[in-house]
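The next block holds one structure in the form of structure tokens; read it before the comments.
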Amino acid sequence: MNPAERQIIHLDMDTFFVSVERLQNSKLKGRPVIIGGSSDRGVVASCSYEARTFGVHSAMPMRMARSLCPDANIIRGDMEKYSKYSHTITDIIAEKAPLYEKASIDEHYIDITGMDRFFGSVKWAHELRASIIKNTGLPVSFGLSINKTVSKIAAGEAKPNGELNVSYRQVKPFLQPLPISKIPMIGAKTFRLLRSMGISTIHILSQIPVEMMERVMGKNGIVIWEKANGIDRTPVISHHERKSISTERTFDKDSTDIAEMNRILVNMVEKIAFELRKKQKLTSCITVKIRYSNFDTHTLQKRIPYTSFDHVLIDTAKELFKKLYSRRMRIRLIGVRISHMVQGVQQLNLFEDTPEMINLYLAMDYIRKRYGRSSVKRAVGSYGRMD
């Protein structure tokens, strides 16, 4: 297919956590709002545009945020509530969209290539956005263009609560004046490197020989150069085809040893959660499976707030196993699967004032990456939280 014929929408919920809180409390509208841990030891998970004008931003230490914006309303986040609204938005999109990908808790890509022949891409995107606003009360912006990169940048430029269509002919004129920081995948380290090379705008970056970008940054340099030139071949991946992560264990001898089952279950969840964090993903659904000695197989799943934390997933897995194992027969197999995954890091869940917990996970994951994923495990019998 000619890249110029693609029609990709990027839907982005504006200051999602803040907007959900404002639905619950209208007094927060127009005021600076900071979501995160309520003590000085916490960090900012999200903030309103009003707070951003004071220099507050995500991942900033709460102490610094309070200093910059002393009059802000500080709210401890509620991931369960935000996950509920996220699922509602996805359901609205799923009902209308031919092909969509849930990229994160508050972002979706939609491929409506060919829609112009029947309906009109801009009109369809506008009506979808209106439907989300009507059914949720939440502000949402969208960018519509020829690929994921341009549509994502366009959605960012359309904020707050706006729409922006960038046609094939408009791509380069739209991109070129923008700062390089607008390109997805350019983080702080890459930004500093490019600025040290005298590159400040997307236009300058697009003029750099691609061979030089590859020499300086390897394969990532080629990808960044392509993005600067409006090139992105990445497909929209069907949400329903997004892979799950699962593991199961068949016993040498059928067993009724519940303590051993729990130990194995904990070990399984630990490994899966580590894979999640390594891939920088979050899950909102966990399934436990058991197979009895007579080969009867049963599964039970539960939707949960988005997470990649072991202790949250372990508690849920144990709860599901307890409900599943009701026949008191010997068990041949147990398994765990996580699904409904989205891109994101556990920074989304930093609403609790537990920096020690975060640091513990970071330390354990570092050891696992260096020495193997089985190098750190919970002590036998310690199946609960790491408090």
key: Number of the condition not met by Val216 [criteria: (1) in the same structural domain as Thr299 (by TED's automatic domain parsing); (2) part of a helix (DSSP H, G or I); (3) modelled with pLDDT of 90 or more; (4) not polar (S, T, N, Q)]   = (1)
query = Considering only residues of the stretch 317-331 that are of a type outside the set (Lys, Arg) and assigned to a helix (DSSP H, G or I), which is nearest to the chain's Cα centre (by Cα)?
reply = Ala317
ask   = Just a yes or no: is a residue in the stretch 132-141 in contact with a Gly (Cβ under 7 Å, 6 or more places away or on another chain) and among the charged types (D, E, K, R)?
value = no
message = Every residue in the stretch 222-244 that is at pLDDT below 90 and in contact with a helix residue (DSSP H, G or I) (Cβ under 9 Å, 6 or more places away or on another chain), please.
response = His239, His240
ask   = So, of the residues in the stretch 299-316 that are assigned to a strand (DSSP E or B) and of a type in the set (A, V, I, L, M, F, W, C), which turns out to be modelled with the highest pLDDT?
value = Leu300
key: Residue that is touching a strand residue (DSSP E or B) at 6+ places or on another chain (Cβ under 8 Å), among the β-branched types (Val, Ile, Thr) and farther than 18 Å from Ile105 by Cα, where the choices are Ile89, Ile8, Ile93   = Ile8
ask   = Considering the stretch 97-126 alone, what residues qualify as being assigned to a strand (DSSP E or B) and closer than 16 Å to Asn147 by Cβ?
value = Tyr100, Glu101, Ala103, Glu107, His108, Tyr109, Ile110, Asp111
query = Just wondering, is there one or more residues in the stretch 284-298 that are in a helix (DSSP H, G or I), on the phi < 0 side of the Ramachandran plot and crowded, with 17+ Cβ neighbours inside 10 Å?
reply = no
message = Against the conditions (1) modelled with pLDDT of 90 or more; (2) out of contact with any Phe, Trp or Tyr (no Cβ under 8 Å at 6 or more places or on another chain), where does Phe16 fall short? Just the number, please.
response = (2)
task = Select, from Asp91, Asp12, Asp71, the only residue that is of a type outside the set (Phe, Trp, Tyr), under 30 Å from Cys285 (Cβ atoms) and outside any helix (DSSP H, G or I).
result = Asp12
message = Being surrounded by 15 or more Cβ atoms within 10 Å (Cβ to Cβ), within 22 Å of Ile105 (Cβ to Cβ) and touching a helix residue (DSSP H, G or I) at 6+ places or on another chain (Cβ under 7 Å) is the filter here; which residues of the stretch 51-83 pass it?
response = Val56, Asn73, Ile75, Gly77, Met79, Lys81, Tyr82
note = The correct count of residues that are more than 30 Å from Val288 (Cα to Cα), β-branched (Val, Ile, Thr) and either free of Cβ contacts under 8 Å to residues at least 12 places away in the same chain or not in a helix (DSSP H, G or I) (or both) in the stretch 219-245 is 2
request  = Filter the stretch 176-193 for residues that are more than 20 Å from the chain's Cα centre (by Cα) and not hydroxyl-bearing (Ser, Thr, Tyr) and give the result.
outcome  = Gln176, Pro177, Leu178, Pro179, Ile180, Lys189, Phe191, Arg192, Leu193
request  = Kindly indicate whether Ile224 is crowded, with 19+ Cβ neighbours inside 10 Å and under 29 Å from His87 (Cβ atoms).
outcome  = no
message = For the stretch 92-100, check the following and say yes or no: at least one residue is more than 20 Å from the chain's Cα centre (by Cα), over 19 Å from Ser19 (Cβ atoms) and modelled with pLDDT of 95 or more.
response = no
key: Residue that is nearest to the chain's Cα centre (by Cα) [pool: residues in the stretch 35-50 that are crowded, with 21+ Cβ neighbours inside 10 Å and of a type in the set (A, V, I, L, M, F, W, C)]   = Ala45
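Residue by residue, here is whether (1) closer than 21 Å to Thr234 by Cα; (2) in the same structural domain as Asp12 (by TED's automatic domain parsing); (3) surrounded by fewer than 18 Cβ atoms within 10 Å (Cβ to Cβ) holds:
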| site | (1), (2), (3) |
| --- | --- |
| Asn147 | yes, yes, no |
| Gly156 | yes, yes, yes |
| Phe191 | no, no, yes |
| Thr201 | no, no, yes |
| Ile204 | no, no, yes |
| Gln207 | no, no, yes |
ask   = Considering only residues of the stretch 15-34 that are assigned to a helix (DSSP H, G or I) and basic (Lys, Arg), which is surrounded by the fewest Cβ atoms within 10 Å (Cβ to Cβ)?
value = Lys27
ask   = Within the stretch 347-361, is there a residue that is in contact with a Ser or Thr (Cβ under 8 Å, 6 or more places away or on another chain), within 30 Å of His108 (Cβ to Cβ) and at pLDDT below 90?
value = yes
query = With Ser200, Ser196 as the choices, which residue is more than 30 Å from Ile314 (Cα to Cα), hydroxyl-bearing (Ser, Thr, Tyr) and in contact with a helix residue (DSSP H, G or I) (Cβ under 7 Å, 6 or more places away or on another chain)?
reply = Ser200
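The values are calculated or read from the model by the stated rules, or taken from the named source; none is laboratory data. Computed from a prediction, not measured in an experiment: that's the story for all the values here. Glycine gets a Cβ as well: all are built from the backbone with ideal geometry, and neighbour counts include every protein chain shown.
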